[in-house]
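Have a look at the structure below, then the notes.
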């Protein structure tokens with residue numbers, strides 16, 4: 001593990017809820033605006049000017065909170081989903097682990113985001129190769145030494161094995177995901193659970209596998225339950241900016257009220273274009289680079 005003083009660090013995000021210092025985002029561009037909904041599994045064509053307005057407002061929430069925001073602007077003309085920068089890479093205390101996307105249309109994003117991170121001073125520590133598949137949405141830090149890994153259509157057993165080789169000091173916990181809407185839909189582990197404080201998760205419990213739920217209960221977790229009416233509008237997809245301070249998609253008032261009742265400060269953003277049409281919430285739109 002790196003031994004430099006914390007004040008000298010510029011990367012490392014082995015937590016879902018430690019105070020977010022630096023985050024990477026990608027502003028929607030032409031590839032997103034001209035995406036074929038049938039090909040990319042979007043619900044409707046994207047209104048690019050509206051998407052850019054939404055994204056700018058989302059970023060303002062982050063900067064107003066004091067977070068340093070960096071932009072991933074590498075040319076990716078054929079990659080509509082590249083705005084979801086959470087998925088192609090994992091930033092550990094050792095550096096970036098470059099993943100291998102389970103969605104074939106997204107292949108090629110991995111090297112591009114790795115180059116952006118290297119330009120920010122984040123070294124590439126490891127790369128998944130061969131038959132390995134893993135996407136960031138399936139990788140949930142339970143704590144800095146425990147990584148839950150969703151096993152489904154986007155992340156496979158070989159991906160888990162190579163991840164374990166990359167971070168041998170971290171305990172990896174396989175979490176079997178349901179078929180749900182099938183391989184064309186985007187069901188990640190973080191589609192139904194987010195961690196917003198050391199022992200607090202927001203979750204749509206009907207999709208949480210029983211062994212994983214029992215594991216979290218043994219760890220002392222409490223849960224903010226997302227109602228069924230707010231699952232499709234990404235109620236469980238919540239980005240922690242710091243413990244019990246978070247941002248979520250507008251239009252989920254029950255989940256928001258329950259988070260606030262649990263002592264959370266909750267900011268909301270409008271995401272008709274950047275989230276609801278294209279299956280990507282606030283965690284998907286961000287790649288934490290440094291949490292302290």
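Each reported figure results from applying straightforward, stated rules to the coordinates on display, with no laboratory input. Only a predicted model underlies this, so the values are computations on that prediction, with no experimental measurement involved. Every residue, glycine as well, gets a Cβ built from its backbone with ideal geometry; the counts of neighbours run over all protein chains shown.
Would you check if there is a residue in the stretch 205-225 being in contact with a strand residue (DSSP E or B) (Cβ under 6 Å, 6 or more places away or on another chain) and closer than 26 Å to residue 42 by Cβ? Checked against the condition, which is being in contact with a strand residue (DSSP E or B) (Cβ under 6 Å, 6 or more places away or on another chain) and closer than 26 Å to residue 42 by Cβ, the stretch 205-225 yields no hits at all. Exactly one residue among 173, 139, 128 is closer than 28 Å to residue 8 by Cβ and under 19 Å from the mean Cα position of the chain (by Cα), and that residue is 139.
Yes/no matrix, rows are residues, columns are (1) within 18 Å of residue 23 (Cβ to Cβ); (2) crowded, with 24+ Cβ neighbours inside 10 Å:
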{"site": "207", "(1), (2)": "no, no"}
{"site": "226", "(1), (2)": "no, yes"}
{"site": "229", "(1), (2)": "no, no"}
{"site": "268", "(1), (2)": "yes, no"}
{"site": "276", "(1), (2)": "no, no"}
{"site": "283", "(1), (2)": "yes, yes"}
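Output yes when any residue across the stretch 201-218 is within 27 Å of residue 49 (Cα to Cα), touching a helix residue (DSSP H, G or I) at 6+ places or on another chain (Cβ under 9 Å), free of Cβ contacts under 8 Å to residues at least 60 places away in the same chain and not in a loop (DSSP other than H, G, I, E, B), and no when none is. Among the residues of the stretch 201-218, not one is within 27 Å of residue 49 (Cα to Cα), touching a helix residue (DSSP H, G or I) at 6+ places or on another chain (Cβ under 9 Å), free of Cβ contacts under 8 Å to residues at least 60 places away in the same chain and not in a loop (DSSP other than H, G, I, E, B), which makes the answer no. Residues in the stretch 49-85 that are more than 19 Å from residue 107 (Cα to Cα) and in contact (Cβ under 8 Å) with a residue 40 or more places away in the chain: 14 in all.
Condition check ((1) over 21 Å from residue 189 (Cβ atoms); (2) more than 18 Å from the chain's Cα centre (by Cα)) across all residues:
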residue	(1), (2)
255	no, yes
263	yes, yes
268	yes, no
281	no, no
285	no, no
289	no, no
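Inside the stretch 25-75, counting only helices (runs of 4 or more DSSP H) that do not spill past its ends, which hold 3 or more residues that are within 15 Å of residue 273 (Cβ to Cβ) and under 18 Å from the mean Cα position of the chain (by Cα)? So the answer is 48-64.
Residue by residue through the stretch 239-252, note down the ones that are over 17 Å from the mean Cα position of the chain (by Cα) and either surrounded by 24 or more Cβ atoms within 10 Å (Cβ to Cβ) or free of Cβ contacts under 8 Å to residues at least 12 places away in the same chain (or both). 252 - this is the single residue of the stretch 239-252 that is over 17 Å from the mean Cα position of the chain (by Cα) and either surrounded by 24 or more Cβ atoms within 10 Å (Cβ to Cβ) or free of Cβ contacts under 8 Å to residues at least 12 places away in the same chain (or both). Can you find a residue in the stretch 229-238 that is touching a strand residue (DSSP E or B) at 6+ places or on another chain (Cβ under 8 Å) and without any contact (Cβ under 8 Å) to a residue 40 or more places away in the chain? Yes; the residues of the stretch 229-238 include at least one that is touching a strand residue (DSSP E or B) at 6+ places or on another chain (Cβ under 8 Å) and without any contact (Cβ under 8 Å) to a residue 40 or more places away in the chain.
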